[in-house]
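Quick notes on the structure that follows.
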Amino acid sequence: MSAHAENLTHDDAHGHESHGALSENNFLGLPNIKLAMWAFLGSECMFFGSLIGTYFFYHGNSLGGPLPKDVFSIGITSISTFLLLMSSLTMALAVDAMKQQKPLTARTFILITAALGACFVGFQVVEFHEFYTEKHLVFAGANASLFGSTFYTMTGFHGTHVTVGVIWLLIMSVLITKKKLVPGKEAVNVEVMGLYWHFVDIVWIVIFTFVYLLEFLK
Amino acid sequence: MSHGHAVETNGAHGGPALPHSHRKQYIILGVVLSLVTFIELGIPLVKGVPELWTAAKEVWAPLLIVLSIFKFGAVVGDFMHLRSDLTLYKILFISPLFLAMFSFFAIGSLSVVHYAPFGKGYAITAQDLADGYVPPTVGGGADAPWADDKFEAAFVDAQKAGFAKGKETFAASCVSCHRADGGGMPGLGVNLTDDCYKHGGKVAALYTTIAKGVSGTAMPAWQSSMDSEKLRQVAYYVHSLKGMNVAGGKACEGAKE
């Protein structure tokens, strides 16, 4: 991988053919990794669709435990929503910089994106902790409610996705620093990471509107 | 570092033709999305201004949904540039998105089948419990191969205990207006055993009505004299009365649910 990347830096402009990388084009002439990511995100739609659907079909049917209005605080959630939205912007700017052959600018934006994502996860940990210890919203067991189980499952899986994204961003920034990820053909690796990151953002756009904000309109 | 620098400035000095930069559009879109988010956040606050809230009561929730669809579309279309990308990617993403909506409804119909042993949603009536009916709790109920007996038992016990307490509370505080069997006293409380509700028949809605009362009517607010645990128990009990249609109950008031 290392030698390959070095080659790319020098030879890319002369049409050097790289072999075996994920960024390699397939028989359709498309980058494998990008095609795979779109297919994966399609399956993720089903995944989160089911989780959010489950939440709504049990909404209002809990037998015990606190109700959504008892636990949600719109302040904290708004801040974390805003952070995630801004991280989508910085991610888009990172992808753009990479395409403009500016890996260092791209790395800066990638690190900002990772920091915003990490803050989001931090807020979620604080939120879960407060829900569990102070508001007695329980995930499973005798004191669990349908609201607790479906809420934690849905938002927990989303938070896990953000965490995975942050780790991915950090790995990419290291690879750029070590010049193992260079602009040109490999910019698609950053682009694909961006697709994942934006997807995680749109899932939150849906959850935030439907789960949190609409709750306050009732 | 010097090498990285060389790469950094490569584009500016006539290297291979670079794709057009979208930086400006991205920043503008970021600003627009922030503004939309602020508007979204403002909508629940409208509830604090009763005149404004009631002036367009039917508009606020759909407006929120439209704004979120806009944000969704903008991020997918422009940040992920699906709008100008290949049809293949569009198909790969958008068809599962529609399938996801199907699964949304599939889960809905499943839950109705599974949780409605008597065709009345999740409500278990007092009569059912008196008849010794043990409600299914975790998916598949006690007969499911994955059911954990201890968990089931604990859950059902907690449910029954809460239910019995709710019944006690009802007998102590509510029967003077709603009658011992929930059928409603003439001129006082409404019939809670039909399937008509003026303020909503889901547990959460009943909870709110009982907690906050109905101002301008005899229905008191109970939140000052009951904690949320007690309110929930009685709300659940009232929920279980739905559809019992006791003899001599008052006529339907409000909307059928």
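The values are calculated or read from the model by the stated rules, or taken from the named source; none is laboratory data. Quantities reported herein were computed from a predicted structural model and do not represent experimental measurements. Glycine also receives a Cβ, built like all others from the backbone with ideal geometry; neighbour counts cover every protein chain displayed. Protein only, heavy atoms only, side chains kept; ligands, DNA and RNA dropped before computing areas. Shrake-Rupley method; radii C 1.70, N 1.55, O 1.52, S 1.80 Å.
Restricting to segment B:189-206, give me the number of residues that are closer than 14 Å to B:MET219 by Cβ and at pLDDT 90 or above. Steps first, answer last, please.
Step one: of segment B:189-206, the residues closer than 14 Å to B:MET219 by Cβ are B:189-192, B:197-200, B:205-206.
If we keep only those that are at pLDDT 90 or above too, we end up with B:189-192, B:197-199.
Qualifying residue count for the region: 7.
Is it fair to say A:ASN61 is more than 21 Å from the chain's Cα centre (by Cα) and either under 19 Å from A:TYR152 (Cα atoms) or at pLDDT below 95 (or both)? Even if it seems obvious, please write down each step before you answer.
Numbers: more than 21 Å from the chain's Cα centre (by Cα): yes; either under 19 Å from A:TYR152 (Cα atoms) or at pLDDT below 95 (or both): yes.
For A:ASN61, the condition - more than 21 Å from the chain's Cα centre (by Cα) and either under 19 Å from A:TYR152 (Cα atoms) or at pLDDT below 95 (or both) - is met.
From the list B:LYS212, B:LYS165, exactly one residue is in contact with a Lys or Arg (Cβ under 8 Å, 6 or more places away or on another chain) and open to solvent by 30 Å² or more (accessible area, probe 1.4 Å). Which is it?
Numbers: B:LYS212 fails: in contact with a Lys or Arg (Cβ under 8 Å, 6 or more places away or on another chain).
Testing whether each residue is in contact with a Lys or Arg (Cβ under 8 Å, 6 or more places away or on another chain) and open to solvent by 30 Å² or more (accessible area, probe 1.4 Å) leaves just B:LYS165.
Could you go through segment A:29-45 and let me know if any residue there is in a helix (DSSP H, G or I), modelled with pLDDT under 70 and more than 8 Å from chain B (Cβ to nearest Cβ).
The first filter runs over segment A:29-45 and keeps only residues in a helix (DSSP H, G or I), leaving A:32-45.
Okay, now just the ones that are also modelled with pLDDT under 70, so none.
Checking segment A:29-45: not a single residue is in a helix (DSSP H, G or I), modelled with pLDDT under 70 and more than 8 Å from chain B (Cβ to nearest Cβ).
Among the listed residues A:VAL203, A:VAL164, A:VAL211, identify the single one that is surrounded by fewer than 22 Cβ atoms within 10 Å (Cβ to Cβ) and closer than 20 Å to A:GLY42 by Cβ. Spell out the reasoning first.
Details: A:VAL203 fails: surrounded by fewer than 22 Cβ atoms within 10 Å (Cβ to Cβ); A:VAL211 fails: closer than 20 Å to A:GLY42 by Cβ.
Answer to the check: A:VAL164.
Since A:LEU146 meets every condition but one in (1) within 30 Å of B:HIS81 (Cα to Cα); (2) more than 8 Å from chain B (Cβ to nearest Cβ); (3) crowded, with 20+ Cβ neighbours inside 10 Å, which condition does it not meet?
(1) is the only condition that A:LEU146 fails.
For segment A:94-116, what are the residues that are open to solvent by 20 Å² or more (accessible area, probe 1.4 Å), at the interface with chain B (Cβ under 10 Å from one of its Cβ atoms) and part of a helix (DSSP H, G or I)?
First pass over segment A:94-116, keeping only residues open to solvent by 20 Å² or more (accessible area, probe 1.4 Å): A:99-102, A:104-105, A:107-109, A:111-112, A:115-116.
With the extra rule that they be at the interface with chain B (Cβ under 10 Å from one of its Cβ atoms), the set shrinks to A:99-102, A:104-105, A:107.
Selection gives A:LYS99, A:LEU104, A:THR105, A:ARG107.
Of the numbered conditions (1) at pLDDT 85 or above; (2) surrounded by 14 or more Cβ atoms within 10 Å (Cβ to Cβ), B:GLU253 satisfies every one except a single condition; which is it?
Of (1) at pLDDT 85 or above; (2) surrounded by 14 or more Cβ atoms within 10 Å (Cβ to Cβ), only one is false for B:GLU253: (2).
Just name the residue that is surrounded by the fewest Cβ atoms within 10 Å (Cβ to Cβ) out of those in segment A:117-139 that are in contact with a helix residue (DSSP H, G or I) (Cβ under 6 Å, 6 or more places away or on another chain) and of a type in the set (Gly, Ala, Ser).
A:ALA118
Can you tell me which residues in segment A:170-195 are in a helix (DSSP H, G or I) and more than 10 Å from chain B (Cβ to nearest Cβ)?
The initial filter retains those residues of segment A:170-195 that are in a helix (DSSP H, G or I), namely A:170-177, A:187-195.
Result: A:LEU170, A:ILE171, A:MET172, A:SER173, A:VAL174, A:LEU175, A:VAL188, A:ASN189, A:VAL190, A:VAL192, A:MET193.
Wholly within segment B:1-110, which helices (runs of 4 or more DSSP H) include no fewer than the required count, namely at least 2 residues that are modelled with pLDDT of 80 or more and charged (D, E, K, R)?
Details: elements: B:2-10, B:23-46, B:50-55, B:60-74.
Because the criterion is at least 2 residues that are modelled with pLDDT of 80 or more and charged (D, E, K, R), the helices (runs of 4 or more DSSP H) in segment B:1-110 that meet it are B:23-46.
Could you tell me which of the residues A:PHE56, A:PHE82 is surrounded by fewer than 21 Cβ atoms within 10 Å (Cβ to Cβ) and modelled with pLDDT of 85 or more?
Working: A:PHE56 fails: modelled with pLDDT of 85 or more.
Of A:PHE56, A:PHE82, the one residue that is surrounded by fewer than 21 Cβ atoms within 10 Å (Cβ to Cβ) and modelled with pLDDT of 85 or more is A:PHE82.
Could you tell me whether any residue of segment A:153-160 is free of Cβ contacts under 8 Å to residues at least 12 places away in the same chain, open to solvent by less than 60 Å² (accessible area, probe 1.4 Å) and among the hydroxyl-bearing types (Ser, Thr, Tyr)?
No; the residues of segment A:153-160 include none that is free of Cβ contacts under 8 Å to residues at least 12 places away in the same chain, open to solvent by less than 60 Å² (accessible area, probe 1.4 Å) and among the hydroxyl-bearing types (Ser, Thr, Tyr).
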